[in-house]
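Written out below as structure tokens is the structure these notes cover.
The values are calculated or read from the model by the stated rules, or taken from the named source; none is laboratory data. What you see is a predicted model, and the numbers here were worked out from it, not measured in a lab. Cβ placement follows ideal geometry from the backbone for every residue including glycine, while neighbour counts extend to all protein chains displayed. To get the accessible areas, we keep the full protein, side chains included, count just its heavy atoms, and leave off ligands, DNA and RNA. Shrake-Rupley method; radii C 1.70, N 1.55, O 1.52, S 1.80 Å.
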Amino acid sequence: MNDQLNDHQVDILVVGSGGGAMTAALTASVGGAEVLVIEKSDQYGGTSAMSGGGIWIPNSHYARAQGVDDSREDALTYLKNVVGDRVAPDRLEAYVDEAPRMLKFLADNTRLEYSPVAYSDYYPEKPGGKQGYRTHEPKPFHAGKLGRDFDALRPQHRQTVVQGRFTMTMAEGRAFLTQADGWKTMLVKMMLGYFLDIPGRLKGKRSRRLTLGNALIGRLRKSMMDRDIPLWLNTAFKELIVEDGKVVGALVDQDGTERRIFAKKGVILGAGGFEHNRELREKYLPQPTSADWSGSQDNNTGDGIVAGQKIGAATDLMDWAWWAPAIKVPGIDRPWVLFAERSSPGLLMVNKAGQRFSNEAQPYLESGYSLYANDGGAPSVPAFLVFDATFRKKYPLGPLPPGYAGPDASLPRKVKEILHIADTVEELADKLGVDAAGLKDTIEKNNAYAQSGSDPEFHRGDSFYDAYYGDQRNAPNPCIGPCAEAPFYGIEVYPGDIGTKGGLLVDAKSRVLKEDGTAIPGLYAIGNTSASVMGTTYPGAGVTIGPAMTFGYVAARDAIGMNE
Ligand code: FAD
């Protein structure tokens, strides 16, 4: 067949269909460009669709309208203090300036609507830190508006949907987890809403009340439909086409057929990180490593990063991921990533010696990385989560619903296989293969800390952030409780991730840079295809998708000259 029959021409080619990619496509389209979005899998939305959909946007117009006290200066001070000098200062400035503009632009031109939430920054005590309202969550969206396109929307991660049926907003999820006032009424209302959606129930189990990542991607997808922006599923980006040092398009594989797509104004790579590429994980990430510990979907295999490297692009942060402790249930495709449960009182994370090695309630990036950082004399990969009957009864933990809703006998067989239960601490230590004297000593210390309310070793519960997901009724410290009532429980936990953090090095306009620091004309990278603007840190909930969307907006504007 004549190659040219398979050629296609647009202004902007966007690779991938996560939140950043769709934002780039919408921005370019609003700016008058002809855009094409290609997606490797048969579902759109990527990990963004499975996620909490939270975005960390300081000083947004939504927050200002609510009278929240924030400013450009506070946000920049905070980022400079948390991220440090690992990232070029002009990228941090670009983020602080462009993130609120991006959100306003989408609010004005698309169906995207967000609300600021009371979610604390992860280091609220640092200069410029805030105790809430920089993280925003998407407003729920009705799947009926997507028509048949709902079927190809990648579903939420199972850990974000209660009993596989009931979708929750972030605010509802927190009320449920911390058993805040009114949580039972809220749960009943949610269940009623679900069962009374007769057309939805006739179609299947999946809720049509889209929240979190599905609300974000549902809203962006509908906005693309409004503007007739084509989205080609089952179309995998393979290589960049370069002419005279400029990227002019890409070679793709569409359902087994090779095609060339020429992009007059630029190619924007939003193809995610490399968390599902075993070879790259082994080459770059700390060891041991496994894609089985990643909460992300399977299609992010570093294709954009590798293609960039092939044409001389520089990379950075390749040894970093968005770490989080994770519980893997054999036979279930993705692990449960422990974002919040570690703050509940009575949960201990210990190494082979039965000793704690970090503050369990600290932000998940640090908590996940602490398994590697402390994997010394006493191994902590895997580590072990230890808790007692009281914790089990009251709080959820990964695949375990709280005991009042899912007692031990009712747990699925696969979950029972990984949950160790024992009448004594010694017996539990034996079952887990950890040092019994060490574990006993750790538990005794913890029980004393539960009484005093202070953890002199790791300062659990000292930060406002730690307490955010703690049990507010638990005194004196919402994050520290005794581990004293038999039976005792233990479960293995791994240094999981929600995507990788390293990728193509970009400048403040998201242009991909060569080793010599010059930009490759025509090529942009966003989201986890680019090296994170947050360096090795995680300043607040939503600092992966927030920057992906912000720099998608920035890249599109630069490519089509909307800045001029
Ligand atoms: P993705 O959203 O994964 O999009 C990449 C897309 O590119 C995918 O659809 C993929 O199929 C496609 N693709 C890959 N290769 C190719 C190719 N060769 N050709 C064409 N297409 C390709 N982060 C937050 O900021 N806030 C949150 O609230 C949040 N909650 C989370 C909750 C969970 C349970 C998980 C697992 C993650 C969460 N994260 C959150 C992390 C966040 O989801 C990811 O870091 C983010 O979505 C990555 O965005 P991305 O655009 O880089 O990749």
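Tell me which residues, restricted to region 255-276, are farther than 28 Å from ARG557 by Cβ and more than 10 Å from the ligand (Cβ to nearest atom). Before you say what the answer is, go through the steps one by one.
Taking region 255-276 first, the residues farther than 28 Å from ARG557 by Cβ are 255-258, 275-276.
Those that are farther than 28 Å from ARG557 by Cβ and more than 10 Å from the ligand (Cβ to nearest atom): ASP255, GLY256, THR257, GLU258.
Pairing residues of region 236-248 that are charged (D, E, K, R) with residues that are surrounded by fewer than 17 Cβ atoms within 10 Å (Cβ to Cβ), at Cβ distances under 7 Å and at least 6 apart in sequence or on separate chains, gives LYS238/LEU251; LYS238/ASP253; GLU239/LEU251; LYS246/PRO521. The residue of region 165-197 that is modelled with the lowest pLDDT, among those that are buried (at least 18 other Cβ atoms within 10 Å of the Cβ) and more than 24 Å from the chain's Cα centre (by Cα), is MET190.
Yes or no, residue by residue, for (1) free of Cβ contacts under 8 Å to residues at least 24 places away in the same chain; (2) among the β-branched types (Val, Ile, Thr); (3) within 14 Å of the ligand (Cβ to nearest atom):
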site	(1), (2), (3)
TYR122	no, no, yes
HIS142	no, no, no
ARG148	yes, no, no
LEU153	no, no, yes
GLY164	no, no, no
LEU192	yes, no, no
PHE195	yes, no, no
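All conditions in (1) assigned to a loop (DSSP other than H, G, I, E, B); (2) of a type outside the set (A, V, I, L, M); (3) open to solvent by 10 Å² or more (accessible area, probe 1.4 Å) hold for SER380, with the sole exception of (3). Within the bounds of region 56-63, is there any residue that is open to solvent by less than 10 Å² (accessible area, probe 1.4 Å), polar (S, T, N, Q), out of contact with any Lys or Arg (no Cβ under 7 Å at 6 or more places or on another chain) and at pLDDT 95 or above? Yes, region 56-63 contains at least one residue that is open to solvent by less than 10 Å² (accessible area, probe 1.4 Å), polar (S, T, N, Q), out of contact with any Lys or Arg (no Cβ under 7 Å at 6 or more places or on another chain) and at pLDDT 95 or above.
Which one is farthest from the chain's Cα centre (by Cα), of the residues in region 534-554 that are buried (at least 24 other Cβ atoms within 10 Å of the Cβ) and away from the ligand (no atom under 12 Å from the Cβ)? By that ranking, first place goes to VAL554. Counting only residues that are of a type in the set (Val, Ile, Thr), in a helix (DSSP H, G or I) and away from the ligand (no atom under 12 Å from the Cβ), region 305-328 holds 0 of them.
Contact map, region 437-453: first residue closer than 16 Å to LEU385 by Cα and open to solvent by 50 Å² or more (accessible area, probe 1.4 Å), second residue in a helix (DSSP H, G or I) and at pLDDT 95 or above, Cβ cut-off under 8 Å, separation 6 or more or different chains; pairs are LYS440/VAL425; LYS440/GLU426; LYS440/ALA429.
What number of residues in region 405-434 are in a loop (DSSP other than H, G, I, E, B), within 19 Å of PRO482 (Cα to Cα) and out of contact with any Phe, Trp or Tyr (no Cβ under 8 Å at 6 or more places or on another chain)?
At the first step, the residues of region 405-434 found to be in a loop (DSSP other than H, G, I, E, B) are 405-407, 411-412, 419, 423-424, 433-434.
Narrowing further to those that are within 19 Å of PRO482 (Cα to Cα): 423-424.
This time we only want the ones that are out of contact with any Phe, Trp or Tyr (no Cβ under 8 Å at 6 or more places or on another chain), so: none.
The number of residues fulfilling the criteria is 0.
Residues that are open to solvent by 50 Å² or more (accessible area, probe 1.4 Å), at pLDDT 95 or above and over 18 Å from the mean Cα position of the chain (by Cα) within region 141-164 comprise HIS142, LYS145, ARG148, ASP151, listed in sequence order. Applying the criterion of being closer than 25 Å to ASN447 by Cβ and at pLDDT below 95 to the residues of region 396-413, the residue that is surrounded by the fewest Cβ atoms within 10 Å (Cβ to Cβ) is TYR404. For region 305-323, the count of residues that are of a type outside the set (Lys, Arg), buried (at least 19 other Cβ atoms within 10 Å of the Cβ) and under 28 Å from LYS416 (Cα atoms) is at least one. Only one of the numbered conditions (1) of a type in the set (A, V, I, L, M); (2) more than 15 Å from the ligand (Cβ to nearest atom); (3) at pLDDT 95 or above is violated by ALA467, and that is (3). Summed over region 49-75, the residues that are within 16 Å of the ligand (Cβ to nearest atom), under 29 Å from VAL162 (Cβ atoms) and in a loop (DSSP other than H, G, I, E, B) give a count of 6.
Please pick out the residue among VAL14, VAL30 that is more than 7 Å from the ligand (Cβ to nearest atom), open to solvent by 30 Å² or more (accessible area, probe 1.4 Å) and of a type in the set (A, V, I, L, M, F, W, C). Steps first, please.
Numbers: VAL14 fails: open to solvent by 30 Å² or more (accessible area, probe 1.4 Å).
From the options VAL14, VAL30, the qualifying one is VAL30.
Of all residues in region 489-517, those satisfying the criterion of being open to solvent by 20 Å² or more (accessible area, probe 1.4 Å), in contact with a helix residue (DSSP H, G or I) (Cβ under 9 Å, 6 or more places away or on another chain) and in a strand (DSSP E or B) are GLU492, TYR494, ILE498, ARG511.
Among the residues of region 521-529, is any of a type in the set (Val, Ile, Thr), within 13 Å of the ligand (Cβ to nearest atom) and open to solvent by less than 10 Å² (accessible area, probe 1.4 Å)? If you could, list the steps in order and put the result at the bottom.
Narrowing region 521-529 to residues of a type in the set (Val, Ile, Thr): 526, 529.
Among the residues that remain, those that are also within 13 Å of the ligand (Cβ to nearest atom) are: 526, 529.
Cutting the leftovers down to open to solvent by less than 10 Å² (accessible area, probe 1.4 Å) gives us 526, 529.
Within region 521-529, one or more residues are of a type in the set (Val, Ile, Thr), within 13 Å of the ligand (Cβ to nearest atom) and open to solvent by less than 10 Å² (accessible area, probe 1.4 Å).
Scan region 414-433 for residues that are over 28 Å from the mean Cα position of the chain (by Cα) and surrounded by fewer than 16 Cβ atoms within 10 Å (Cβ to Cβ) and jot them down. Within region 414-433, ASP423, THR424, GLU426, ASP430, LYS431, GLY433 qualify. Residues of region 166-177 that are within 11 Å of the ligand (Cβ to nearest atom) and either part of a strand (DSSP E or B) or among the hydrophobic types (A, V, I, L, M, F, W, C) (or both): MET170 alone.
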